[in-house]
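A.B. asks: Below: one structure in structure tokens.
The values are calculated or read from the model by the stated rules, or taken from the named source; none is laboratory data. Since the model is a prediction, treat every value here as computed from it, not as a measurement. Glycine also receives a Cβ, built like all others from the backbone with ideal geometry; neighbour counts cover every protein chain displayed. Side chains are part of the model used for accessible areas, which takes the heavy atoms of the whole protein and leaves out ligands, DNA and RNA. Shrake-Rupley method; radii C 1.70, N 1.55, O 1.52, S 1.80 Å.
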Amino acid sequence: MDNGIDRVDGGWDVRSMRGSGITEMIIGSVLRLHAGPDGIEVHCPAELTTSEGALAVHAATRTHLDRLPRLLGQVIAEVHAGDAGSLRVRFANGWRLDVPVSTGGPGWLIHLRGRHFISSLPGGGLKLPG
């Protein structure tokens, strides 16, 4: 696609977010990460892997929210939306935010410059702009 999203084996890479730092984080009933004009919303439980190990994080249930501010300033190395509906955000320092397929509702959403987006579908799969 000409909007910074490339089809790759098993999903889509959001190359337009590479090299951007997390500039703002909003934690309410969902986790919102802003990287310049782009953003990621996480609606379901996710796993944050740092140098200290992996832990479950979830905004709505207030699970391990004290770890999330450590993402501020982190530079995005990769954003990959899997065809099955999973999301992987890898940071330049090796940390990862992994969002599995959500069975009960929307799992995540990617905003690109306020226009284009990819989102997961309940039960698996992706919704692409079109």
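A.B. asks: If Arg88 satisfies all but one of (1) under 17 Å from Asp6 (Cβ atoms); (2) in contact (Cβ under 8 Å) with a residue 12 or more places away in the chain; (3) part of a strand (DSSP E or B), what's the number of the condition it fails?
C.D. replies: (2)
A.B. asks: From (1) of a type in the set (A, V, I, L, M); (2) more than 20 Å from Met17 (Cβ to Cβ); (3) open to solvent by less than 40 Å² (accessible area, probe 1.4 Å), pick out the condition that doesn't hold for Ala60.
C.D. replies: Single failed check for Ala60: (3).
A.B. asks: Something else: Residues that are under 12 Å from the mean Cα position of the chain (by Cα) and among the acidic types (Asp, Glu): does the stretch 73-92 have at least one?
C.D. replies: Within the stretch 73-92, one or more residues are under 12 Å from the mean Cα position of the chain (by Cα) and among the acidic types (Asp, Glu).
A.B. asks: Pull out all pairs, ordered by first then second residue, where Cβ-Cβ is under 7 Å, the residues are six or more apart or on different chains, the first lies in the stretch 66-82 and is within 15 Å of Glu24 (Cα to Cα), and the second is open to solvent by 70 Å² or more (accessible area, probe 1.4 Å).
C.D. replies: As it stands, the answer is Gln74/Asn93; Val75/Ala92; Ile76/Arg18, since those pairs meet every condition given.
Here is a yes/no grid of residues against (1) surrounded by 19 or more Cβ atoms within 10 Å (Cβ to Cβ); (2) under 12 Å from Val89 (Cα atoms):
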site	(1), (2)
Val8	no, no
Val14	yes, yes
Glu24	no, no
Arg32	no, no
Asp38	yes, no
Ser51	no, no
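A.B. asks: Taking the condition modelled with pLDDT of 95 or more and either surrounded by fewer than 16 Cβ atoms within 10 Å (Cβ to Cβ) or more than 22 Å from Pro129 (Cβ to Cβ) (or both), does Arg70 pass?
C.D. replies: Values: modelled with pLDDT of 95 or more: no; either surrounded by fewer than 16 Cβ atoms within 10 Å (Cβ to Cβ) or more than 22 Å from Pro129 (Cβ to Cβ) (or both): yes.
Taking the combined requirement at face value, the residue does not satisfy it.
A.B. asks: Among the strands (runs of 3 or more DSSP E) contained in the stretch 4-59, which hold 1 or more residues that are among the small types (Gly, Ala, Ser)? Walk me through it before giving the result.
C.D. replies: Values: elements: 5-8, 11-14, 24-27, 31-35, 38-42, 46-50, 53-57.
Those strands (runs of 3 or more DSSP E) span 11-14, 31-35, 38-42, 46-50, 53-57.
A.B. asks: Kindly indicate the residue of the stretch 101-130 that is outside any strand (DSSP E or B) and among the polar types (S, T, N, Q) and also modelled with the lowest pLDDT among those meeting that condition.
C.D. replies: Taking the stretch 101-130 and keeping what is outside any strand (DSSP E or B), we get 101-107, 113-115, 121-125, 128-130.
From what is left, the residues that are among the polar types (S, T, N, Q) are 102-103.
Details: Ser102: 93, Thr103: 87.
Among those that are outside any strand (DSSP E or B) and among the polar types (S, T, N, Q), it is Thr103.
A.B. asks: Shifting gears a bit: Condition check: of a type in the set (D, E, K, R), under 22 Å from Gly11 (Cβ atoms), out of contact with any Cys (no Cβ under 9 Å at 6 or more places or on another chain) and surrounded by 14 or more Cβ atoms within 10 Å (Cβ to Cβ). Does Arg96 satisfy that?
C.D. replies: Details: of a type in the set (D, E, K, R): yes; under 22 Å from Gly11 (Cβ atoms): yes; out of contact with any Cys (no Cβ under 9 Å at 6 or more places or on another chain): yes; surrounded by 14 or more Cβ atoms within 10 Å (Cβ to Cβ): yes.
Taking the combined requirement at face value, the residue satisfies it.
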